[in-house]
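Here's the structure we're looking at; comments come further down.
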Amino acid sequence: MTQTDIEKGAAAASPYVPKMARIVAADQMTETERFFRLEMEGEPLAYEPGQFVGVTVFGVGESPISICSSPTQGERIELTIRSVGLVTGALRTFEAGDRLGIRGPFGNGFDTGAMKGQDVLFVAGGLGLAPTRSLIRYVLDKREDFGKVTILAGAREPNLLLFREEIAEWVERSDADTLVTVNQPDKDWKGNVGVITRLFKQVEIDPARTCAVIVGPPVMFKFAVLEALAAGVPEHRIICSLERHMKCGVGKCGHCQIRGVYVCRDGPVFTYEQVKRLREGI
Amino acid sequence: MLPQVLKTSDLGAWVEALMAESRVAAPVLKETNVSDPTDLKFGWQYVPDPADVRLDYTVTVLGPKKFLWPPRQKLVRYNLGAGAEPEAIIDHEPHVLLGVHPCDITAIATLDAAFAKDVPDPHYLARRSDTAIIGLDCGAPCDESSFCLDMGSLYPESGFDVMLTPLGDAYFVEVATQLGEALVEAAVVRPATKQDMEAHQAFAEEKRSDFHYKLPYELKYLPEILDASYDSLVWEAIARQCFSCGSCNIACPTCYCFDVYDEVEVDLSKGCRVRRYDSCQLDPFAEVAGGENFRQERASRLRHRMFRKGKYILEQTGRVGCVGCGRCERACVAGISIKDTYVQIAGSR
Amino acid sequence: MADKPTLAFFSLACCEGCQLQVLACEEKLLPILEKADIVRFREASDGDADHYDVTFVEGSIVTAHDLERIKEIRAKTDTLVALGACATIAGVNAVKNFQDPDDVAAYVYGDKKEWFPHIAARPLKAEVPVDVEIHGCPINSDEFLEVVTCLLMGKPYRQPNYPVCVDCKLAGNVCLWNKGIPCLGVVTRAGCAPLMCPSAGHKCIGCRGLVDNPNTQAAKDVMAEFGLTVDDVLREFRLFQGIYDEVAKEA
């Protein structure tokens, strides 16, 4: 490395400084998940479906959060945040009008170009629906660019199901097949019951032209991948988004590293072919 | 500038001249073993007095990395309350690192590459660009733990501004950069003569015979050997002795993983974002907020470190992550040795 | 004034050194006093209140009377903070749990031992829910300030979850084991820096308790390599890590 490279680096803005954003809408979706719509105070965020941001609560810290909206929806970004940690716990009390810090977007996002013209099968469990929704919205907004669209969504219980109203709209659409299941129904639940892989029986997959986007807890991911493989979908067209501990978002801090790969920079979206080779991926 | 010669007796005056311009960090004597007066413990410090500089040092617990990349570094400051107005803290001032051994010169070049890659890290790079490095060649291995010859760090071709080679009562002074030239101008030196050149050559030749290879294979095969060892029982066996205490990472001159957290002043008016050294050997390193830990097993963390040093950092930066300095082995209470591990995996399946 | 959170300090069986560490914060306490009212602090002032937002309790439970007191305190408290090794891991008080209780009573109280009924020493969490722990003998003033700052902001305090070795190496210390001194830093929770014992040449004696998932087997193996017997090893661990599971059984 030369001296001038170093000077250039020093002059560049620090990648660790958050930009300010204002919450324009906040909604408690479930007991633990909170939805936010944000507006950047400076330049809007240019992002791809599947990317994530670092959300700062000043004085508390930062947490990596998937963007759950699609750039086709406009300049605002939407986040679904599960309150499990220091920062996400603090966000429980944040309302419209409050301000947050945002870094990013980080990561590669879904390769929408490669999916063009293909059938897209979404399999999303639990909080996995958040990053998946980003792509679902994108695909539905650019519907003519894609083949058959199938959406399988699952949750442990009905009251843990995210985006219920929106899913209901997807179910109504004639240009997409949407199926929903819960593991443990309550007395009002009228839909499918059982783990999400049970829904595979109800859908037809043309393995020659299907991209399977599978995002959810590790156990769900494992079995949904087996179903997709059994249906003949090749490993390089099974696509997932990984969750890891992250501190920097720019491939330095090492927390998200899986073997030689930094999830924050090289992911979080990977094909199953890649994940399988990583061994420590799932 | 052609090679120069600095009399050992003029070193103090040079250090004093350098100290007039900027801070100078160098190895100093930290403590002496009461039962063995020859067992000296050295450490890197900003020197208050030129007489404290000990260029006869062997090993230090921490390398000079801490001056380029402080163990705890503030990245961003902000207000609490209405307007956060976050801004970067780029904290740097000129300083000279005096007496950096070849292994640490090599390690610094690796850190340079890692922090400049992809998204550059100005918090590191600003300090780096304000750092002058005066190297000090080694005539003999530090101890049994070091294997710098194997790891290709014994003969750095760049990464220093000046290189000193001890020749009895004088130092052979090679100047590698313009900055180095400015540094040497502050010293009382004379141009090297033919005899000095020959003495320098003799030092290099003697050095070559004093260092011995310790790995049974060439460095270029290490990534492959690591890959083949991924499922070996070796990791589990070594991990039984491992405390996961993180000492190896803290002592390592190329480890650069960090934790980031926020600190708040007691009057709740201001906060800052801080990073500090982290260790992939610690239990929570790969744990996500929901509680899932992707390297829960001690053995998988230990393997990760060995792979990172021998393979992953190489893939990231083009430079191997281990410089063979032996610090991790010396720092390990359980005596886990990266060198022995690399030997062991070559013969295991 | 009424809106300020109220803080209280209590002592059970201990030397009250942890409260002194709080007072040692000196002027750094002033911003806290602007944000909160200290309603009970025997080492510094008189007074009391019916309810405490945050209560700091140092010391172990060693008598039936202590048991009653901690339950009363808990009932009046929103957030209970265990202050120091005696309160978090029973501290040196737990040494007596490994002795004959009668001998202990006779040694301390002589022929008046019947007047002072005592029970096995235990940390606060053995009897009441504890919200935050500040480890150490004594506590680290900086950590106390950090905990208070977190409490005032309403954010959880995350105690260090790495061993003393990390901070010790960062201090550039030569490992005491390299000098033949068995040090418990490898399995002890960090947080004592920069005033850590190894920096002063003294071995870590584990006053902050065990880090999560310590490799105690490796610790025993290493100690054995140094020629220590199982009894030696247990004694090393016992000074501060009085095992309260055993305590609970005895009680």
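The values are calculated or read from the model by the stated rules, or taken from the named source; none is laboratory data. Quick caveat: nothing in here was measured; it's all calculated off a predicted structure. With ideal geometry, Cβ positions are generated from the backbone for all residues, glycine too; neighbour counts draw on all protein chains shown.
Inclusion of residue B:217 among residues that are at the interface with chain A (Cβ under 10 Å from one of its Cβ atoms) and more than 14 Å from residue B:338 (Cα to Cα) is not warranted. If the condition is being within 25 Å of the chain's Cα centre (by Cα), facing another protein chain (nearest Cβ under 9 Å) and either surrounded by fewer than 22 Cβ atoms within 10 Å (Cβ to Cβ) or of a type outside the set (S, T, N, Q) (or both), then the stretch B:249-272 contributes B:250, B:251, B:255, B:256, B:257, B:258, B:259, B:260, B:261. Restricting the stretch A:34-55 to residues that are of a type in the set (Gly, Ala, Ser) and within 14 Å of chain B (Cβ to nearest Cβ), the residue that is nearest to residue A:17 (Cα to Cα) is A:54.
Could you tell me whether any residue of the stretch C:107-120 is in contact with a Gly (Cβ under 7 Å, 6 or more places away or on another chain) and within 29 Å of residue C:197 (Cα to Cα)? Walk me through how you get there before you give the answer.
As a first pass, look at the stretch C:107-120 and keep what is in contact with a Gly (Cβ under 7 Å, 6 or more places away or on another chain): none.
No.
More than 14 Å from chain A (Cβ to nearest Cβ) and part of a strand (DSSP E or B): does that describe residue B:198?
Details: more than 14 Å from chain A (Cβ to nearest Cβ): yes; part of a strand (DSSP E or B): no.
Considered against the rule, which asks whether it is more than 14 Å from chain A (Cβ to nearest Cβ) and part of a strand (DSSP E or B), residue B:198 comes out as no.
Considering only residues in the stretch A:56-94 that are of a type outside the set (Val, Ile, Thr) and under 20 Å from residue B:85 (Cβ atoms), the one that is farthest from the other protein chains (Cβ to nearest Cβ) turns out to be A:94. Residue count for the stretch C:175-195 under the criterion of being under 20 Å from residue C:84 (Cβ atoms) and surrounded by fewer than 21 Cβ atoms within 10 Å (Cβ to Cβ): the result is 3.
Can you confirm whether the stretch C:27-39 contains a residue that is on the phi > 0 side of the Ramachandran plot, out of contact with any His (no Cβ under 6 Å at 6 or more places or on another chain), part of a helix (DSSP H, G or I) and at pLDDT below 95?
Step one: list which residues in the stretch C:27-39 are on the phi > 0 side of the Ramachandran plot, which gives none.
There is no residue in the stretch C:27-39 that is on the phi > 0 side of the Ramachandran plot, out of contact with any His (no Cβ under 6 Å at 6 or more places or on another chain), part of a helix (DSSP H, G or I) and at pLDDT below 95.
Return the residues of the stretch B:123-170 that are more than 14 Å from chain A (Cβ to nearest Cβ), among the hydroxyl-bearing types (Ser, Thr, Tyr) and in a loop (DSSP other than H, G, I, E, B); say none if nothing qualifies. Selection gives B:145, B:146, B:153, B:155. Within the stretch A:131-172, the set of residues being in a helix (DSSP H, G or I) and among the acidic types (Asp, Glu) comprises A:141, A:144, A:145, A:165, A:166, A:169, A:172.
Against the list (1) of a type in the set (A, V, I, L, M, F, W, C); (2) within 12 Å of chain B (Cβ to nearest Cβ); (3) within 21 Å of residue C:90 (Cβ to Cβ); (4) assigned to a loop (DSSP other than H, G, I, E, B), the condition residue C:193 fails is (3).
Restricting attention to the stretch B:38-69, the residues that are more than 10 Å from chain C (Cβ to nearest Cβ) and aromatic (Phe, Trp, Tyr) add up to 4.
For residue A:233, the test of being more than 7 Å from chain B (Cβ to nearest Cβ) and either out of contact with any helix residue (DSSP H, G or I) (no Cβ under 9 Å at 6 or more places or on another chain) or modelled with pLDDT of 90 or more (or both) is passed. Is at least one residue of the stretch C:95-105 under 22 Å from residue C:131 (Cα atoms) and either within 21 Å of the chain's Cα centre (by Cα) or not acidic (Asp, Glu) (or both)? For the stretch C:95-105, residues under 22 Å from residue C:131 (Cα atoms) and either within 21 Å of the chain's Cα centre (by Cα) or not acidic (Asp, Glu) (or both): absent.
Scanning the stretch B:71-95 for residues that are free of Cβ contacts under 8 Å to residues at least 60 places away in the same chain and touching an Asp or Glu at 6+ places or on another chain (Cβ under 8 Å) turns up just one, B:92. Here residue A:240 passes the criteria (1) buried (at least 24 other Cβ atoms within 10 Å of the Cβ); (2) in contact with a Cys (Cβ under 7 Å, 6 or more places away or on another chain); (3) not in a helix (DSSP H, G or I) except the one numbered (2).
For residue C:150, the conditions (1) farther than 24 Å from residue C:237 by Cα; (2) under 20 Å from the mean Cα position of the chain (by Cα); (3) within 14 Å of another protein chain (Cβ to nearest Cβ); (4) touching a residue at least 24 places away in the same chain (Cβ under 8 Å) all hold with the exception of (4). Would a scan of the stretch C:157-171 turn up a residue that is crowded, with 19+ Cβ neighbours inside 10 Å, in a helix (DSSP H, G or I), facing another protein chain (nearest Cβ under 10 Å) and of a type in the set (Asp, Glu)? Yes, the stretch C:157-171 has at least one match.
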